[in-house]
Amino acid sequence: MFGFIDVENRFVVSLLSFSVIFSLPVFSDTDDAVIEVSAQKLEQEISESVEQKSVIGEEQIQKSGAKTVGDALKTLPEITVSGATAGNANESVSMQGLGNGYVKIMIDGVAVSSDFDGSTPIFQIPVENIERIEVTKGADSVLYGSDAMGGTINIITKKNAESGEEKIKLSANLTEEIGFSPSIANWKNYTAGTFFAGGKNLSNSLAACLNYVPGKEKTTFDALAGNITYFENTQKILGFARDTLSYKDEWGNLSLYGLYADSDQKSNFTKTGYDKGAEMEYRSLRGEGGLTGKYIFGDDFYVDGFSAGKFYYMDTTYNVKAGAYSSSTSTESNSFDWESDLRAHWKLNDVNDAVLCLNADLESINGSSFDERKYALETAFFAQDTISLFDEKLSLVPGFRLDYSPEVQGSGVSFMATPKLALKYTPTEYTAFRLSYGMGYKMPSLKEKYWIFRHSYAPGAGNFILYGNPDLKSEKSHSFNAEIEKNVANYFKVNLGGYFNYIIDLIDSVVTDASSSPQIREYQNVDKALTYGGEFSLTTELDRFKGRIGYAYTQAKSFDESSDDWQELALRVRYRLTASAEYLIPVLESAISLNAQWNSKQLVSTGTEYYSPDYLMLNATLSKKFWDEKLELYLGADNILNNMHFKKGTNGESQKSYYGLEEGVTLRLGGKLRIEN
């Protein structure tokens, strides 16, 4: 299942060298006593979770040098993240061979608004107010419905304790970082902060950040197009703010939250060919607001839930400068969703711990690619029970979900029944076995059903019209996961897991008329696909040393009816390696941390032999705390290997050119200040 890495001998030697350098290395998670609520909608300790999980704790986030959720997720081998490079304004997360639209990302259990391809603003959400990030592997559609076929990522924010008395408690955190690339004389700035004010019952928490990358412009001469000015790396202005007003008493709590995110980016695709100087301007706005609450009826029963509205706006403009093919195309779209969720949690006895839920989600979408505003309504009921047997050595979690979507605008009625079964067996306190089966599903999005996209700024096959299909069926999957976890004498923790996903009625764009100009394409259900693979991690935490090394293997294929054969799906990283280590230097009491990741080459387009180069990155951070640990200063270095890698792309692309990376090492100088009364 796990396969072998087929590369040159020099890569094998380098890989072994990294393993030695990082010893037994993302840092061991010591938050086992932390209570998690919304990832499973059941209150329990992380170490007792029945499902396969990975947790990125607050300390691990800080030592990795991560500024955003996207940066933090890169430390896990089982997650592939893209979108932070110069040539890509979108943000994507892939788990178990399933990418955007198949992995649900949430903040405190409420799904984050996504764009029309399913990507979410992971490189805009700051880490300053994050307690931990919980990753559940495999289909979790019973708890979270559509878009959770690949898994879920739940961002848990910090819950500042109220003062417990009439005195007001105040605290603030400020992070300021300046990055500089000496080789190209380019700089960037990142500012983030949090502010908390709370009394006996009432509190308010605010987190915000601003990420500014001015971009580096460069001019080149082309015989046909003349002087062309382009961005060597993306110009970005990314803003994010989230405020939460909370009231807490013996009966429970009630919170009102609001979120705003703004992304303004400008980049270039290529500098040669028919689309010389092709420029993309990308602007998106997100707004969210909602109410969350919990009411406690007793020690064994409580209800909680939320009601939230989410708005998303995107405007994309393509400017192509290529003689006869010069053009400017603008596409504007917007969406509005309102989701409500009500859950009842009941601990019936020492054996059964049950949760029941009602959920409703009203979605709408409109824009220049739609003839009118389109709507969809999804309603659901689910139930789940955690059964503890044999002094809690064996735990079973059966569950099922019923989804019903009534007819809206002639869309037809949709009904889905989704089962789930997970188990955990702990023969000793140091060993755990986990197995799970879950049926996942993904309802066709409004984009896939009603989109009319005109891609008219490129010649040949690039000149096409893509039509939505209101008759699409929901994608369905059968997901199997297995994991072994072993704690060796409290020095090492080993995790070994594997998975298999079988997907039916996969939705993809299909050419229905190749001879017409423009070419005609349509979203269709294209039979079936499968993904399989596994992960391995080894973690250690000693007196002054923490470390982890992780490896993930992923294979993804779809069935091609024309050739009656299975084809490799594009844009999947087959082999991925992550390693990190932290050492607290004696006497100086300064922490030095190293983080590395390697992605194997990817197939760029299904049915071709066009592969990307592989990707290798090594970063380091040196930090020192002062003033009773209220002030932390740090110096970081990214891209220490200066874009060194092992395999060029099929067309000879290097890591630097393909991913749009900067030349040379990028230095980061920053500080974190914490103030409280």
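The values are calculated or read from the model by the stated rules, or taken from the named source; none is laboratory data. Being a predicted model, the structure only gives us computed values, none of them experimental. Here Cβ is always computed from backbone atoms with ideal geometry, including for glycine, and neighbour counts include all displayed protein chains. Just so you know, the surface numbers come from the protein's heavy atoms only, side chains and all, with ligands and any DNA or RNA stripped out. Shrake-Rupley method; radii C 1.70, N 1.55, O 1.52, S 1.80 Å.
Structural remarks
- Members of the stretch 116-145 that are hydroxyl-bearing (S, T, Y) and either more than 26 Å from V50 (Cβ to Cβ) or at pLDDT 85 or above (or both): S119, T120, T136, Y144
- Residues that are in contact with a strand residue (DSSP E or B) (Cβ under 6 Å, 6 or more places away or on another chain) and either of a type outside the set (A, V, I, L, M, F, W, C) or assigned to a strand (DSSP E or B) (or both), drawn from the stretch 116-129: S119, T120, P121, Q124, P126, E128, N129
- Flag if L584 is of a type outside the set (V, I, T), assigned to a loop (DSSP other than H, G, I, E, B) and surrounded by fewer than 19 Cβ atoms within 10 Å (Cβ to Cβ): no
- Filtered by the rule that a residue be closer than 17 Å to K493 by Cβ, at pLDDT below 90 and not acidic (D, E), the stretch 509-563 gives a lone residue, L542.
- Answer from A552, A596, A570 - the residue that is in a loop (DSSP other than H, G, I, E, B) and touching a strand residue (DSSP E or B) at 6+ places or on another chain (Cβ under 9 Å): A570
- Scan of the stretch 598-631 for residues that are under 23 Å from the mean Cα position of the chain (by Cα) and among the polar types (S, T, N, Q), ordered by number: N599, S600, Q602, S605, S612, N619
- Residues of the stretch 480-506 that turn out to be assigned to a strand (DSSP E or B), of a type in the set (A, V, I, L, M, F, W, C) and more than 26 Å from G101 (Cβ to Cβ), as a count: 5
- From S509, S515, residue being part of a loop (DSSP other than H, G, I, E, B), surrounded by fewer than 19 Cβ atoms within 10 Å (Cβ to Cβ) and of a type in the set (S, T, N, Q): S515
- Condition met for K276 (touching a Leu at 6+ places or on another chain (Cβ under 9 Å), modelled with pLDDT of 95 or more and of a type in the set (K, R)): no
- Subset of the stretch 174-199 (residues that are charged (D, E, K, R) and either in contact with an Asp or Glu (Cβ under 6 Å, 6 or more places away or on another chain) or open to solvent by less than 40 Å² (accessible area, probe 1.4 Å) (or both)): E177
- Selection within the stretch 547-574 - open to solvent by 30 Å² or more (accessible area, probe 1.4 Å), of a type outside the set (A, V, I, L, M, F, W, C) and within 24 Å of K137 (Cα to Cα): Y551, K557, E568, R572, R574
- Being of a type in the set (A, V, I, L, M), in a strand (DSSP E or B), under 24 Å from E475 (Cβ atoms) and modelled with pLDDT of 95 or more is a property that A376 lacks.
- Residues of the stretch 234-267 that are in a strand (DSSP E or B), open to solvent by less than 60 Å² (accessible area, probe 1.4 Å) and hydroxyl-bearing (S, T, Y): T244, S246, S255, Y257, S263, S267.
- Residue list for the stretch 599-616, restricted to those being modelled with pLDDT under 95, among the hydrophobic types (A, V, I, L, M, F, W, C) and either touching a helix residue (DSSP H, G or I) at 6+ places or on another chain (Cβ under 9 Å) or not in a strand (DSSP E or B) (or both): V604
- Every residue from the stretch 404-460 that is at pLDDT 90 or above, of a type in the set (G, A, S) and surrounded by fewer than 19 Cβ atoms within 10 Å (Cβ to Cβ): A417
For every residue, the table says whether it meets (1) modelled with pLDDT of 95 or more; (2) of a type in the set (F, W, Y); (3) buried (at least 18 other Cβ atoms within 10 Å of the Cβ); (4) assigned to a strand (DSSP E or B).
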residue: S335; (1), (2), (3), (4): no, no, yes, yes
residue: W338; (1), (2), (3), (4): yes, yes, no, yes
residue: A354; (1), (2), (3), (4): yes, no, no, yes
residue: N359; (1), (2), (3), (4): yes, no, yes, yes
residue: D371; (1), (2), (3), (4): no, no, no, no
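- Residue that is modelled with the lowest pLDDT, among those in the stretch 180-195 that are of a type outside the set (V, I, T) and farther than 18 Å from I125 by Cα: A185
- Filtered residue count, the stretch 116-149, keeping only those that are of a type in the set (G, A, S) and under 11 Å from the mean Cα position of the chain (by Cα): 2
- When residues in the stretch 100-111 are screened for being open to solvent by 20 Å² or more (accessible area, probe 1.4 Å) and in contact with a Lys or Arg (Cβ under 8 Å, 6 or more places away or on another chain), 1 of them pass.
- Candidates in the stretch 587-629 are the residues that are touching a Phe, Trp or Tyr at 6+ places or on another chain (Cβ under 9 Å) and β-branched (V, I, T); of these, the one that is surrounded by the most Cβ atoms within 10 Å (Cβ to Cβ) is T621.
- The number of residues in the stretch 280-310 that are open to solvent by less than 40 Å² (accessible area, probe 1.4 Å), closer than 25 Å to N352 by Cα and charged (D, E, K, R) comes to 1.
- Looking across the stretch 401-440, the residues that are among the small types (G, A, S) and out of contact with any strand residue (DSSP E or B) (no Cβ under 8 Å at 6 or more places or on another chain) come down to G410, G412.
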